[in-house]
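Notes to accompany the following structure.
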Amino acid sequence: MLLTQTSEWEGTLHGKSDVLDRGRDLQREGKAPKGWERPLEPPGSHWEYNDVRVNALSLALMLRFGRPLPEVWAERIMHPVGGSGDWSWDGYRTASVTLPNGRTALSVPGGTHWGGGLRTHAEDQARLGLLMLAGGIWEGRRILPPGWVAASGTPCPLHEDYGLLWWLNRSGRFPEADRESLFAQGAGGNVIWVEPATRIVAVFRWLDPAALPGIIARISRARTI
């Protein structure tokens, strides 16, 4: 449920309460109030994008692997796909965690909300898009578990345009993109667009979100010329 933003997890993590992101309206990001104590629904019955809950998922994964997620990311994703060597995934100063093996490390945030997060090159983003396009296989080697890409592109029951931390286009919110497209959309207008039907992988950096539909339309029209 954390992967589909439907957990309704409640708590405080690294000094930040989940209430900070309750009532968040992504269509009016930065212009609408949020952070009100909306009554929680049963887990799996309400969809809401909440960065504190994404950070809870990040912590859970760190404990499951038993080591910092940047190490896992480097070993299992970045190195196999030939990623750059100067990316960084930074945690909050308040996010120090003692692992079961006694090692102390930072639990990194899932996004860049409130600082921290993953910083990388456009080329690395494109490689991630190509990995998704290939169903999790890179140069004949399976990198992602079988079925993971398909599951990521399957709408959750409460939001037809959201899969497993990937945005979708099932509603046709981008009319000229294929309905099976996947989008990684991050803070600051950073976007990875993967369109399996046409094998398009496009990366946008620091793009005004209002301009995204237009640039997708331009690329979509160009592919038919």
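Calculated from DSSP H runs of 4 or more alone, at -39500 (n - 2.57) each and per residue, what is the 222 nm mean residue ellipticity of the chain, nearest 500?
-6000 deg cm²/dmol
Can you pull the three principal axis extents for the Cα set of region 121-225, in Å, largest first?
35, 33, 31
Quick one: putting +1 on the C-beta of Lys and Arg, -1 on the C-beta of Asp and Glu, what dipole do you get for region 1-119 around its Cα centre, in Debye to the nearest 20?
In debye, rounded to 20, region 1-119 gives about 180.
Using the crude model of +1 on Lys and Arg Cβ and -1 on Asp and Glu Cβ, and no other charge, please compute the dipole size for the chain relative to its Cα centre, in debye to 20.
Roughly 260 debye for the chain.
For q values of 0.22 Å⁻¹, compute log₁₀ I(q)/I(0) with the Debye formula on a Cα-only model of region 1-119, without solvent.
-1.26
Between Ile143 and Arg67, what FRET efficiency comes out of the Förster formula 1/(1 + (r/R0)^6) with R0 = 22 Å and r the beta carbon distance, rounded to 0.05?
After rounding to 0.05, the efficiency reads 0.75.
With labels modelled as points extended 7 Å from the Cα through the Cβ direction, what inter-label distance (nm, one decimal) is found for Val97 paired with Ala210?
It works out to 3.9 nm between the two label points.
Residues with amide H under 5 Å of Ile200's amide H, sequence separation 5 or more or different chain, H placed in the peptide plane at 1.01 Å from N; which?
Under 5 Å from the amide H of Ile200: Glu195.
Laboratory data are not the source of any read-out in this text; all were calculated from the coordinates shown. Note that the coordinates shown come from a computational prediction; the quantities given were computed from them, not determined experimentally. Positions of Cβ are generated from backbone atoms using ideal geometry, with glycine treated the same way; all protein chains shown enter the neighbour counts.
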